[in-house]
Amino acid sequence: MQASSHPFAELSPARVVDAVESLGFWLPGEPFALNSYENRVFLVHDEERRRWVVKFYRPGRWSDAEIREEHAFLQELVASDVAVAAPWQDVGGESLHYAEGFRLALFPHLPGQAPELENPAHLFALGELIGAVHAVGASGRFRERGSLDLVPMARQASEAVLQSPWLDRHQRRAYARISEALLNALEPHAWADERAIRVHGDCHLGNMLGRDEAFALVDFDDCLMAPAVQDLWMLLTAEHDAEWQMQLSEVVEGYEQHRDFDRSELALIEPLRTLRLMRHSAWLVARWDDPAFPPAFPWLADSGYWDGHIRLLEQQRQVLLRAPRWLA
């Protein structure tokens, strides 16, 4: 009963069509829901057979000014011939629209598949793409969007989990202990503000699409100020050192087609991984009232998930205590 009161529960296919058609389009077919949880995202095509991705922003997450700053960054990137999709603008130059009680934006659909992180050519191409984004990102600063702030964000995530009803007494005590230890371990890795540039913020495989070594970067919903390595570290997935070094070499070589990469930022990889692990569970807890979350993540309510998560955080604490693998 509570889940049905969430605003997204009211976003039926008919409402999606009405919202898009209120902007002057005609949609001859039904919207196709794409895999997105933070926002609601649909693939549609218009009467001219153009394909669009329509994003309905999660109510209350971003201010209008923050969304418009995301859009302005995308326009800036497109003007510099970077492979991203900038939002459609109406005759008044507006890219953020309002309909059916939601805020929405339309993006041209960019087809393609996720890259292969074992493929050196793909890694080079991804590094080159991110380097091009960062060359533009380093030329200005976000004023409305926030900054990636390592320790405060980790503490906020810890507090969200501890205040949730999912942990039993034993798990709550264990989580409080390990999260406090992680906060202490992260403290020495905090960076100065001048190190941060405008970045995509969430460079996982689902946000990189293309074919034949030509990729585009999509979904700048999490763009913010952060060190450059925030957009690179998730490309380095190999478990064996030789393969990891190959990935790093290809990514950095591609990246440096556009700007230099400061190797000292490699020391931030494990702290950033720690932050992502902590924030992911906090995100699930915070979004549980969204009707899409319980069926998609049913294991959140399983005690075994939290036991495993606590063990994973303990393993990550041990990693933080060791010298980085590339320096060992």
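We did not get these values from a lab; they are worked out from the coordinates using the rules stated. Please read all numbers here as calculations on a predicted model, not as lab measurements. No Cβ is skipped: glycine too gets one built from the backbone with ideal geometry, and neighbour counts run over all protein chains shown.
With neighbours defined as other Cβ atoms within 10 Å of a residue's Cβ, the residues Arg155, Arg51, Arg322 order from fewest to most as Arg322, Arg51, Arg155. Computed over Cα pairs, the Kirkwood radius of the stretch 3-108 leads via Stokes-Einstein (1.002 mPa s, 20 °C) to a diffusion coefficient of 149 µm² per second. Take the chain, connect every pair of alpha-carbon atoms lying under 10 Å apart with a spring to form a Gaussian network, then pick out the residue of Gln315, Gln247, Gln75 with the largest mean-square fluctuation. Of Gln315, Gln247, Gln75, the most mobile in the Gaussian network model is Gln315.
The separation of the stretch 287-304 from the stretch 253-285, counted between C-alpha centres, amounts to 27 Å.
Modelled spin-label separation between Ala296 and Arg50, with each label point placed 7 Å from Cα along the Cα-to-Cβ direction: 2.8 nm.
Its convex hull of Cα atoms gives the chain a direction-averaged projected area, equal to a quarter of the hull surface, of 17.6 nm².
Across the stretch 3-108, C-alpha contacts under 8 Å between residues 6 or more apart give a mean separation that, scaled by the residue count, equals a relative contact order of 22 percent.
If you find the alpha carbon centre of the stretch 148-188 and of the stretch 194-208, how far apart are they in angstrom? Between the Cα centre of the stretch 148-188 and that of the stretch 194-208, the gap is 24 Å. Normalised Debye scattering of the stretch 1-63 at q = 0.21 Å⁻¹ gives log10 I(q)/I(0) of -0.87, counting only Cα atoms as equal scatterers and leaving out solvent. Normalising the average separation of contacting C-alpha pairs (under 8 angstrom, six or more residues apart) by the number of residues puts the relative contact order of the chain at 20 percent.
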